[in-house]
Amino acid sequence: MCMYFNIDKVVYEGPSSKNLLSYKFYNPDEEIAGKKMRDWFRFAVAYWHTFNSRGEDPFGSATFERPWFKKDPMDTAFAKVDALFEFCEKTGIEYFTFHDRDLAHEGLTLRESNKILDKVVEKIKEYMKSSNVKLLWGTANLFSHPRYAQGAATSPNPFVFAYAAGQVKKMLDVTKELGGLGYVLWGGREGYDNLLLTDSVLEEKLFARFLEMVVEYKEKIGFSGVLMIEPKPKEPTKHQYDFDASTVLYFLKKHNLFEHFKLNIEANHATLAGHTFAHELRIARLNGKLGSIDANRGDLMLGWDTDQFPTDVYETTFAMYEVLENNGLDCGFNFDAKVRRASIDPEDIVYAHVSSMDVFALGLKLAVKLREKVKPMIEERYSEYNSEIGRKILEGKTTLDELSSYVEDLTDVRVKSLKQELLEMVINDVIFGGR
Ligand code: XUL
Ligand code: CO
């Protein structure tokens, strides 16, 4: 095995270990709330941020000189596969995710691109035979190439629509071939900048038809993974058809696609839409649609998609509360996250993943405790619905007439205290008091 990452294998050593580069909480075989930790999480490394990114930002060029970047693009593609498997072996990460164009460069035609892709997929398959690394989900890049500047499925040009369809077809084939647990559609450019120039009816129809064809093809090839849409607002277009979880669910309902798709919820996309991460997870969960998670975080001081590694214990605890209530995920936790462009050593990528996995594992443990404390508080908050009138409302056995006469002469209608401050004490007590 190559040596791109100059570290020893990172293992679980427990909270009392003095070794910073060890797992203090992530113990894959430990059982928590009826499941092994590895099954709660299925952590994945994202090819695009980890093996492709060179640290560019809108104002600056590449800062990373990754040792797997070679002169010849094909050599780079193969070296990245070596780097992936070494990285997973050293960190204990068992899954990865990728777009078609992450694996290798694009050819002159789709046929040529597919041929290049196949060569790299072959190498991945070889590695997979002798390692326990698996594909979490696959996806197609329908946003980087200039042909997608005005959308992919919602492009005004049917040849672009067809090109996008061709890419997705290929990636569904590849994802099935590699045994992926899911397939993600992220509509990076599916939105509009100029409402007046947009035929909204046509664009919705096109997007819906595209998704329908994905379902048809999935069924045709017998791909058993879960299809997912990843909501994201604004960036890069002013409005996106997949703005947030509710918008996507509404779109799916309206176009009779609801039963075929789940959601891949990303933390940074939630905050860009003005929601918390936990809120988006809740909406997905309530609708039976929480399929997978893109684990990262934004910087609230910066209004864009910074895709930072998630190391905030409060946030992971609240997220794991929702995952617990969902009894896990169809897929897992994909680190759609990148190290800062000034963190230039390959080892920085290791620190980032190890520390985020640990903070999620801690979040899971804390969420189990928090749930015990919060459940009675919720029951108490809604307890008035156990009254006769409360039950009648819930059972649909009353009317506006009856309710109106019921309250007509009441003088003292009061709501119990919300107890927000008590809740905040409870949360801190769970996190820091260890209770
Ligand atoms: C972009 C983003 C994507 C998707 C996959 O913001 O999150 O990387 O996760 O296309
Ligand atoms: Co993402």
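The values are calculated or read from the model by the stated rules, or taken from the named source; none is laboratory data. All values reported here derive from a predicted model rather than from experimental measurement. Every residue, glycine among them, receives a Cβ derived from its backbone with ideal geometry; neighbour counts consider all protein chains shown. For accessibility, only protein heavy atoms count, side chains too; no ligands or nucleic acids. Shrake-Rupley method; radii C 1.70, N 1.55, O 1.52, S 1.80 Å.
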Residue match in region 154-166 (condition: within 14 Å of ligand 1 (Cβ to nearest atom), closer than 30 Å to residue 295 by Cβ and assigned by TED's automatic domain parsing to the domain that holds residue 246): yes
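Would you please name the residue that is farthest from ligand 2 (Cβ to nearest atom), looking only at residues in region 298-322 that are without any contact (Cβ under 8 Å) to a residue 40 or more places away in the chain and open to solvent by 10 Å² or more (accessible area, probe 1.4 Å)? Spell out how you get there, then give the answer.
Filtering region 298-322 for residues without any contact (Cβ under 8 Å) to a residue 40 or more places away in the chain gives 298-303, 306.
With open to solvent by 10 Å² or more (accessible area, probe 1.4 Å) added as a condition, the list becomes 298-303.
Details: 298: 12, 299: 16, 300: 18, 301: 21, 302: 17, 303: 17 Å.
Filtering region 298-322 for residues that are without any contact (Cβ under 8 Å) to a residue 40 or more places away in the chain and open to solvent by 10 Å² or more (accessible area, probe 1.4 Å), the one farthest from ligand 2 (Cβ to nearest atom) comes out as 301.
When you look at residue 402, is it part of a helix (DSSP H, G or I), modelled with pLDDT of 95 or more and open to solvent by 80 Å² or more (accessible area, probe 1.4 Å), yes or no?
On the way: part of a helix (DSSP H, G or I): yes; modelled with pLDDT of 95 or more: yes; open to solvent by 80 Å² or more (accessible area, probe 1.4 Å): no.
Considered against the rule, which asks whether it is part of a helix (DSSP H, G or I), modelled with pLDDT of 95 or more and open to solvent by 80 Å² or more (accessible area, probe 1.4 Å), residue 402 comes out as no.
Tally the residues that are under 12 Å from the mean Cα position of the chain (by Cα) and open to solvent by 20 Å² or more (accessible area, probe 1.4 Å), restricting the search to region 287-297. Write out each step before concluding.
The first filter runs over region 287-297 and keeps only residues under 12 Å from the mean Cα position of the chain (by Cα), leaving 290-297.
Then keep just the ones that are open to solvent by 20 Å² or more (accessible area, probe 1.4 Å); that gives 297.
Of the residues in region 287-297, 1 are under 12 Å from the mean Cα position of the chain (by Cα) and open to solvent by 20 Å² or more (accessible area, probe 1.4 Å).
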Members of region 246-276 that are more than 13 Å from ligand 1 (Cβ to nearest atom), in contact with an Asp or Glu (Cβ under 9 Å, 6 or more places away or on another chain) and closer than 21 Å to residue 151 by Cβ: 248, 251, 252, 254, 255, 257
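Yes or no: region 290-298 includes at least one residue that is in contact with a helix residue (DSSP H, G or I) (Cβ under 6 Å, 6 or more places away or on another chain), more than 16 Å from ligand 1 (Cβ to nearest atom), not in a strand (DSSP E or B) and not assigned by TED's automatic domain parsing to the domain that holds residue 427.
Checked region 290-298: no residue is in contact with a helix residue (DSSP H, G or I) (Cβ under 6 Å, 6 or more places away or on another chain), more than 16 Å from ligand 1 (Cβ to nearest atom), not in a strand (DSSP E or B) and not assigned by TED's automatic domain parsing to the domain that holds residue 427.
Among what's in region 180-195 and is assigned to a loop (DSSP other than H, G, I, E, B) and open to solvent by less than 50 Å² (accessible area, probe 1.4 Å), pick the residue that is farthest from ligand 1 (Cβ to nearest atom). I'd like the intermediate steps shown before the answer.
First, the residues of region 180-195 that are assigned to a loop (DSSP other than H, G, I, E, B): 180-181, 186-190, 193-194.
After this cut, where a residue has to be open to solvent by less than 50 Å² (accessible area, probe 1.4 Å) as well, the list is 180, 187-188, 190.
On the way: 180: 13, 187: 9, 188: 6, 190: 12 Å.
Among residues in region 180-195 that are assigned to a loop (DSSP other than H, G, I, E, B) and open to solvent by less than 50 Å² (accessible area, probe 1.4 Å), the one farthest from ligand 1 (Cβ to nearest atom) is 180.
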Where residue 203 falls short, out of the listed (1) within 16 Å of ligand 1 (Cβ to nearest atom); (2) in contact with a Phe, Trp or Tyr (Cβ under 8 Å, 6 or more places away or on another chain): (1)
All positions within region 45-70 that are touching a residue at least 12 places away in the same chain (Cβ under 8 Å) and part of a loop (DSSP other than H, G, I, E, B): 53, 54, 55, 56, 63, 64, 65, 66, 67, 68, 69
Lone unmet requirement of (1) away from ligand 2 (no atom under 16 Å from the Cβ); (2) crowded, with 22+ Cβ neighbours inside 10 Å for residue 100: (1)
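Given the criterion within 13 Å of the chain's Cα centre (by Cα), assigned by TED's automatic domain parsing to the domain that holds residue 266 and not in a strand (DSSP E or B), identify the matching residue among 330, 305.
Values: 305 fails: within 13 Å of the chain's Cα centre (by Cα).
The unique qualifying residue is 330.
Would you check if residue 50 is closer than 27 Å to residue 360 by Cα and either at pLDDT 95 or above or under 19 Å from the mean Cα position of the chain (by Cα) (or both)? Steps first, answer last, please.
Details: closer than 27 Å to residue 360 by Cα: yes; either at pLDDT 95 or above or under 19 Å from the mean Cα position of the chain (by Cα) (or both): yes.
In short, yes.
Out of 324, 281, which single residue is closer than 28 Å to residue 251 by Cα, of a type in the set (A, V, I, L, M) and within 16 Å of ligand 1 (Cβ to nearest atom)?
On the way: 324 fails: within 16 Å of ligand 1 (Cβ to nearest atom).
One residue alone meets the criteria, 281.
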Yes/no for residue 85 being surrounded by 20 or more Cβ atoms within 10 Å (Cβ to Cβ), out of contact with any strand residue (DSSP E or B) (no Cβ under 8 Å at 6 or more places or on another chain) and in contact (Cβ under 8 Å) with a residue 60 or more places away in the chain: yes
Pairs, first assigned by TED's automatic domain parsing to the domain that holds residue 270 in region 215-230, second basic (Lys, Arg) and more than 16 Å from ligand 1 (Cβ to nearest atom), C-beta under 7 Å, six or more apart: 217/169; 221/176; 223/176; 227/218
Pairs, first assigned by TED's automatic domain parsing to the domain that holds residue 175 and away from ligand 1 (no atom under 16 Å from the Cβ) in region 120-145, second of a type in the set (D, E, K, R) and assigned to a helix (DSSP H, G or I), C-beta under 9 Å, six or more apart: 120/80; 121/177; 123/82; 125/177; 127/82; 131/89; 133/89
Residues of region 241-300 that turn out to be over 14 Å from residue 228 (Cα atoms), in contact with a Phe, Trp or Tyr (Cβ under 7 Å, 6 or more places away or on another chain) and small (Gly, Ala, Ser), as a count: 5
Close pairs from region 247-275: first under 16 Å from residue 190 (Cα atoms) and of a type in the set (A, V, I, L, M), partner in a strand (DSSP E or B) and away from ligand 1 (no atom under 11 Å from the Cβ), Cβ under 6 Å, at least 6 apart: 252/261
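Does any residue of region 333-342 turn out to be within 16 Å of ligand 1 (Cβ to nearest atom) and out of contact with any His (no Cβ under 9 Å at 6 or more places or on another chain)?
yes
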